Protein chains: 8
Amino acid sequence: MDERDVTILKAIADLGTGSPEKLSDETDIPVSTIHYRLNNLREEGVIENDLYDIDLEKAGLGVTVLVEVLADYSDSYEEFGEKLLAVEGVTQAYFAMGETDFILVARLPDSDAVERLISDFEAIDGVERTNSTFVISSLRDTDNPLESYSLETLVEELADE
Amino acid sequence: MDERDVTILKAIADLGTGSPEKLSDETDIPVSTIHYRLNNLREEGVIENDLYDIDLEKAGLGVTVLVEVLADYSDSYEEFGEKLLAVEGVTQAYFAMGETDFILVARLPDSDAVERLISDFEAIDGVERTNSTFVISSLRDTDNPLESYSLETLVEELADE
Amino acid sequence: MDERDVTILKAIADLGTGSPEKLSDETDIPVSTIHYRLNNLREEGVIENDLYDIDLEKAGLGVTVLVEVLADYSDSYEEFGEKLLAVEGVTQAYFAMGETDFILVARLPDSDAVERLISDFEAIDGVERTNSTFVISSLRDTDNPLESYSLETLVEELADE
Amino acid sequence: MDERDVTILKAIADLGTGSPEKLSDETDIPVSTIHYRLNNLREEGVIENDLYDIDLEKAGLGVTVLVEVLADYSDSYEEFGEKLLAVEGVTQAYFAMGETDFILVARLPDSDAVERLISDFEAIDGVERTNSTFVISSLRDTDNPLESYSLETLVEELADE
Amino acid sequence: MDERDVTILKAIADLGTGSPEKLSDETDIPVSTIHYRLNNLREEGVIENDLYDIDLEKAGLGVTVLVEVLADYSDSYEEFGEKLLAVEGVTQAYFAMGETDFILVARLPDSDAVERLISDFEAIDGVERTNSTFVISSLRDTDNPLESYSLETLVEELADE
Amino acid sequence: MDERDVTILKAIADLGTGSPEKLSDETDIPVSTIHYRLNNLREEGVIENDLYDIDLEKAGLGVTVLVEVLADYSDSYEEFGEKLLAVEGVTQAYFAMGETDFILVARLPDSDAVERLISDFEAIDGVERTNSTFVISSLRDTDNPLESYSLETLVEELADE
Amino acid sequence: MDERDVTILKAIADLGTGSPEKLSDETDIPVSTIHYRLNNLREEGVIENDLYDIDLEKAGLGVTVLVEVLADYSDSYEEFGEKLLAVEGVTQAYFAMGETDFILVARLPDSDAVERLISDFEAIDGVERTNSTFVISSLRDTDNPLESYSLETLVEELADE
Amino acid sequence: MDERDVTILKAIADLGTGSPEKLSDETDIPVSTIHYRLNNLREEGVIENDLYDIDLEKAGLGVTVLVEVLADYSDSYEEFGEKLLAVEGVTQAYFAMGETDFILVARLPDSDAVERLISDFEAIDGVERTNSTFVISSLRDTDNPLESYSLETLVEELADE
C-alpha cells in the first residue's frame, strides 16, 4: 500500500461509503484511480467484501491491545471518556460495572506502538492507572454482530411478531 | 422490524454485501421488496451508511457484556476457541497474555440473555471459570479501526515509503 | 399498576402497616378504594401474603445489583454510611471486615437504572471506588430470616431455657 | 423469649401471617396466649410493626456474615443453589456475574455459629472454596425495598402511564 | 475472675515474673492474697504452668483477629509501627515483604470489640486501608517457639559445635 | 550456646517450668549445672525474665515467615490442621474466614530454612497452594497478650463485676 | 548477521570464552574468519566489550517477556524447574515465595514468538496456569550485578575483614 | 576475598574487560598481582570462565529479590526509572504492561539487606507502593541469553538468509 491507498481506505472509514465518486470528492484522487486502487486492494485481500470490511492484519494494524483504565474524574464519565477516545487507535471503549472504570480495545501497527499508546493514556489528566494486555491472537473480530447469531435466534429476539 | 427485515440484515452480515440481487438470491425475497425494506431501515437509522453498518441499539442488540474465560483444554487454543465462538452473540474473541485465557465481547438483546450466555459457556467442556462484566455504556464501537486514526498517522505507519 | 397502586404500596412500606384506615390517612385515598386495590394486588401476586411481603419482580423492581464501596471519610462510618443510604434503591448496607468498606444491595427497575445508581454513588464526596456486580438470578431473598431455620434450631439458639 | 415465643415467631415467618387464629392452628398454642405473647414481643421491640417485621438483634440473630461460594457443579445453577439454600441461616442468595458464582447473606445467633456455617458449606459436594466476611455493623436491612425510594421515583418507574 | 485477679495477671505480664513478693510490690495486694489467688487461677486453668502462660480463652480474650495495614507514612516504619502498637490488643506486629505494609494479630474479649479495633486503626494518621480477618479457630498459639521443634533439630540448628 | 543450653531451653518449653529440679529430671543434667547455665543464659539475654521468655533473635530463631495455606481436605479442619502443626517451626496456626484456609506463623533459624519449610508444607497431602511472606522486621511478638492492654481496659472487659 | 555470525555468538555463549582458537575448534570455522567476524560484530555494537557481552536488541532478541508459572508437580521443584528451563528463550528462572511458584524471564526475537513460548509452557505436564507480561522497555539488564554497586558498598559487604 | 579481590571484580564489571593491564590502570594494583588474584578467583570458582562471568553465590551476593514498583510520576518513565536504577543492587529493571509499573530484580549480600533495599525504594519521591518477593532458589541466571537457545533456532530467527 502507498499513501494513496491509505488515503482511500481512510476516506471509506470516515465517510462510511465505498462510492468512488464520494471518495474522489473527499480525497481529490480521480475516480478512475480510485476504481483501480480499490480493485487492487480487493485482490490483495485488504478489502474483504462488498461492505469494504478491512483485513486489519493485511492493512498493517496487526497488533491488538486491551487496556483497563482506572480514573479519577470530576466531570461526567461521557466527558471523561471523550479524552480516552481521542487517543489514536482506540476502536472500542466501554464504561463497565466492576472494578475497572473503562475497558478499551486498541489496534496498533506494531508492538513498538504500545509504548506510545500507554504514554498517551497516562498523559491524560485523571487517569490513575492503566493495565494493558497484549493479545496473542485475535480469534474473531466481527465487523457485524449479526454474523454471530443464527437466523432463527435473530428473528425470535429482534423481530416484532 | 419484522422477520423479513431481520432476514435481510442477517444476509447482509453473512454475505458481506448490500447488493439487493445477491440478497434476494440468498433470501428468496423479491429484489424490489429488498430495495424498499433497505430504504426503510436506513430511514429508521438501523442501517447507518453506505457500508451497511448497523446501529446495534436500534437493531435490538443493545446489551454488551465482556466475558473472561479461564479454561483447561488439551487441544490447541485455536481449536478450543472454536467452541467459544460457537456461542451465539460472541462478536470478538481474543487469546491474550496475562491471567485470563480468553477475553470475549458479546452483544445481546437484553439483560435476560446474560443468563443464557453464561450457561452456554459453562456447558463447554474445559471451561473452568467465567468472569463476566456488564457494560453500562458503550462509548465507541468502531466498525472500522481506521476511523480512530488521523490520516497523517495512518500514512506514516501503514504506507510503504 | 397505576399511580394509586404504587402510592399504596409505598405507604405500606413506610408505615409498616396494612391497615386500610391508616393507609387512607396517609394517602388520602378512600378506604374502600384501598380495600379494592389491595385485593387486586394480592390476586396479581404483587402482594404475597398477610404480611404484605412484595414480589419484587412483579412489582417492577426485578434487577438486583451488589455494590462494594471503598471510601475515604473523616467522619465516623455511621455518618458516612448515611450518605450511601440516601441513594435510592439501596435496601441493604453492611460495614464489613476485609478489603471493602461497605457492601450494599440495591433493587432497581431495569438495567438502565444501573448507570444512575453508579453515578449517584460516585457523586458522594469520599467515595473512592465502586465495584458493582449484576445479579443474574436471585435464588432467595427472604423477608424474614427465621424462615431459613428449622424450629428446632431456633428454639435451641434463641429461647432462654 | 422462651420456646413458645420462638415457635410463634417461626410460624409467622413460615405462614406469612400474623393472624392469631392461623398461628394457633399451626402451633397448637391457644389463641389467647398468642395474643398475649404477640403483645409482649411488640412491647420488647422484637416485633417492629403491623407487618410483623422482626428486629433481628433483639430476636437473637445479631451476627451477619457474607459468603462467596465458588463451585464446580454439573447440574444447573438452580439445582446447585438449592443445596446452598438448605444451610440454616442463609437469608439471601444471588447467582451473579463476575468471578464468584454465588453470593450469600446469612444471619446467625453468635460468632461461634460461623464455624458451623462454613462447615456446612464445605460439606456440600461441588463447593470448591468459600470466602466469608464478618459484618461489623448492619447499617440497613430493609424488609421492604420500596422504603428506599421516594414516592416520586416509584410512580415514575413502576406505574403504567 | 474479679478485679484483683485481673490486676495480678496484668502485673505478671508487665513485670515478667510470678514472684508473689514482686507482684505485691507492684499491686499493693498482700502477698498471702496473691498466693491464694494464683492457686485459684491455676486450678481454673487460667494459668497453665509454672511459667504463668495464660489460657486466653479462659482469661476472656477468646477472639483473635488478623489485620493487614496499608499505610502512607513519612517517618521510618519503626516510628509508624509504634502508633499501631499503641492500639490495645495488638499482640504481634510484623513489617513484611509483599503488598501489605504491616500484618498484625490482635486478641479481643468478644466480637463487638472488633469495631473498636478497626476504628482505632483508621483513626491513625497515615493508615490508608485495613483488611481484617476473623479467626474461626486458633489451632496453636505457642508461648514458646522451641516447643514446635524436636530437640534434634534445635541442637543442630542452634548449638555451636 | 552449646547442646546443653539448647537441651535446657527445650525442656523449659516442653515442661512449662523453670524449676531446675524438674529440668534435671527431664534432661539428666545435674541440677547445679542447670543453675549455672540458666544464669549464663539470663546474662546473655537469651532468657529475658522470671517467666523464662526467650529472646528469639538471641536464641538463634531470628527469621519469621508468614504462610497462607489453601487446602483441599476431606477430614475436619482440626484433623487437617494437625498435619500442618507437625511441621517444625510453626508457632501459630489460625483457621480463618476469608479466602485462605489456614494462616501460619513460623520461626526459623535462617533464610535457608525457608526452602525446607515450604517443601514440608507442599509434601502434605491436600495442600493445594502455599503463599509465604518474609517478615523484614518483627515489631512486637508478645509472650503475654495482657501486656498490650491497659489495666483499666482489662478490668472492664475481663473482670466480673 | 548471517549463519556464521550466529554460530560464533552461540559458541561464545556455550563455551564461555572469546578465544578464537577454542571457538574454531567448536565451530569448524577458520580462526582467521572468526577474528574477522568478531571485529565486525564489535563494530556493529552486537558485541559490547572485551567480555563479549551481547547487545540483545542488536543481536535480534529485542522482545522481553516475564512469565509467572503456577504448577502442580509431584517431583521436587528442582526437577520440575528443569522442564521449564528446557523452553527456548528462558534466561532467568526463580523459585520464589508468594503466590506464584516460578517466575521466569525470556528473551525472544519478536512478538510472534510469544505465542510459541506460551504454547511450550502449557504443553508441560503439571503447568496449571501461566501469566505473562510484555515488557515495554528494558531499562537495565546488567550482565554483571557488581556494576550496580559502588566500590565502597562492595568492599564493605563482600570483603573479609 | 579481600578488598583487592573485590576491587578487581568491580573493575571488571565497570570496564567490561578482563585485561590485567586495563584493570591495573583503573585500580593502581600491579599487573602481576592482578594476574595472581584472577587465578585464585578462578580456582575458587568465583570467576567461572574466560568471559569473567561471576558465580554470585560464591562472590557473596547470594540473595535475590524481585520488586514490583507502583509509581506516580510526572516526568517520563525513563527519567523516573533512573531513580530506581540508582538503588544499589538493582540488576534488572523492566517497564512493563499490566498492573505494575516497574519490575526489578536485585542481588543482595544477605537477607538483612532487604530492609535497606525497601527503604531505599520507599524514599524515592513518587514511589507509591512496593511489593517484593524473596527468591528461595535461582534455577537459572544466564549471563548470555543465547545459551538458552539451540543453534538451529538461533540461525533461523536471527540470521539474515
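Within region G:110-124, is even one residue under 23 Å from residue H:66 (Cβ atoms), open to solvent by less than 40 Å² (accessible area, probe 1.4 Å), part of a loop (DSSP other than H, G, I, E, B) and at the interface with another protein chain (Cβ under 7 Å from one of its Cβ atoms)? Checking region G:110-124: not a single residue is under 23 Å from residue H:66 (Cβ atoms), open to solvent by less than 40 Å² (accessible area, probe 1.4 Å), part of a loop (DSSP other than H, G, I, E, B) and at the interface with another protein chain (Cβ under 7 Å from one of its Cβ atoms).
So is residue E:66 farther than 21 Å from residue F:134 by Cα, within 8 Å of another protein chain (Cβ to nearest Cβ) and either over 17 Å from the mean Cα position of the chain (by Cα) or not aromatic (Phe, Trp, Tyr) (or both) or not? Criteria not met by residue E:66.
Within this structure, residue H:76 fails the test of being free of Cβ contacts under 8 Å to residues at least 12 places away in the same chain and open to solvent by less than 30 Å² (accessible area, probe 1.4 Å). Filtering region H:125-150 to residues that are closer than 17 Å to residue H:92 by Cβ and away from chain G (no Cβ under 12 Å) leaves only H:130.
When D:47, D:124 are checked against the criterion of being of a type in the set (Val, Ile, Thr), more than 19 Å from residue D:1 (Cβ to Cβ) and modelled with pLDDT of 90 or more, a single residue qualifies: D:124. Close Cβ contacts (under 7 Å, 6 or more residues apart or on different chains) running from residues in region D:91-110 that are within 15 Å of residue D:130 (Cβ to Cβ) to residues that are open to solvent by 10 Å² or more (accessible area, probe 1.4 Å) and not in a strand (DSSP E or B) comprise D:93/D:85.
Evaluating residue H:159 against the criteria (1) touching a helix residue (DSSP H, G or I) at 6+ places or on another chain (Cβ under 7 Å); (2) modelled with pLDDT of 90 or more; (3) more than 30 Å from residue A:121 (Cα to Cα); (4) surrounded by fewer than 18 Cβ atoms within 10 Å (Cβ to Cβ) leaves one unmet condition, (2). When the residues of region E:85-99 are narrowed to those that are farther than 19 Å from residue F:94 by Cα and part of a loop (DSSP other than H, G, I, E, B), which ends up nearest to the chain's Cα centre (by Cα)? Here the answer is E:88.
Conditions (1) touching a Phe, Trp or Tyr at 6+ places or on another chain (Cβ under 6 Å); (2) charged (D, E, K, R); (3) modelled with pLDDT of 95 or more; (4) open to solvent by less than 10 Å² (accessible area, probe 1.4 Å), marked per residue:
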{"position": "C:11", "(1), (2), (3), (4)": "no, no, no, yes"}
{"position": "C:17", "(1), (2), (3), (4)": "no, no, no, yes"}
{"position": "C:24", "(1), (2), (3), (4)": "no, no, yes, no"}
{"position": "C:30", "(1), (2), (3), (4)": "no, no, yes, no"}
{"position": "C:34", "(1), (2), (3), (4)": "no, no, yes, yes"}
{"position": "C:39", "(1), (2), (3), (4)": "no, no, yes, no"}
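Among all positions in region B:44-56, there is at least one residue which is among the small types (Gly, Ala, Ser), within 21 Å of residue A:53 (Cα to Cα) and more than 11 Å from chain A (Cβ to nearest Cβ). Of A:48, A:68, all but one fail to be of a type in the set (D, E, K, R), open to solvent by 50 Å² or more (accessible area, probe 1.4 Å) and touching a residue at least 40 places away in the same chain (Cβ under 8 Å); the exception is A:68. Taking every residue in region A:1-29 that is facing chain B (nearest Cβ under 7 Å) and pairing it with any residue that is modelled with pLDDT of 90 or more and open to solvent by 60 Å² or more (accessible area, probe 1.4 Å), at least 6 positions away or on another chain, the pairs with Cβ-Cβ distances below 7 Å are A:16/B:48; A:16/B:50; A:17/B:50; A:18/B:50; A:19/B:50.
Selection within region B:125-150: residues that are charged (D, E, K, R) and assigned to a loop (DSSP other than H, G, I, E, B). The member of this set that is farthest from residue A:82 (Cα to Cα) is B:125.
The residues listed here are C:81, C:89; of these, the one that is facing chain D (nearest Cβ under 8 Å) and out of contact with any helix residue (DSSP H, G or I) (no Cβ under 7 Å at 6 or more places or on another chain) is C:81.
Here is a check on your reading of the model: is residue E:153 polar (S, T, N, Q), within 30 Å of residue E:50 (Cα to Cα) and either part of a helix (DSSP H, G or I) or more than 8 Å from every other protein chain (Cβ to nearest Cβ) (or both)? So residue E:153 fits the description; yes.
The values are calculated or read from the model by the stated rules, or taken from the named source; none is laboratory data. Keep in mind the model is a prediction, meaning the values are calculated, not measured. Positions of Cβ are generated from backbone atoms using ideal geometry, with glycine treated the same way; all protein chains shown enter the neighbour counts. Each accessible area value is taken on the protein alone, full model and side chains, heavy atoms only, with ligands, DNA and RNA left out. Shrake-Rupley method; radii C 1.70, N 1.55, O 1.52, S 1.80 Å.
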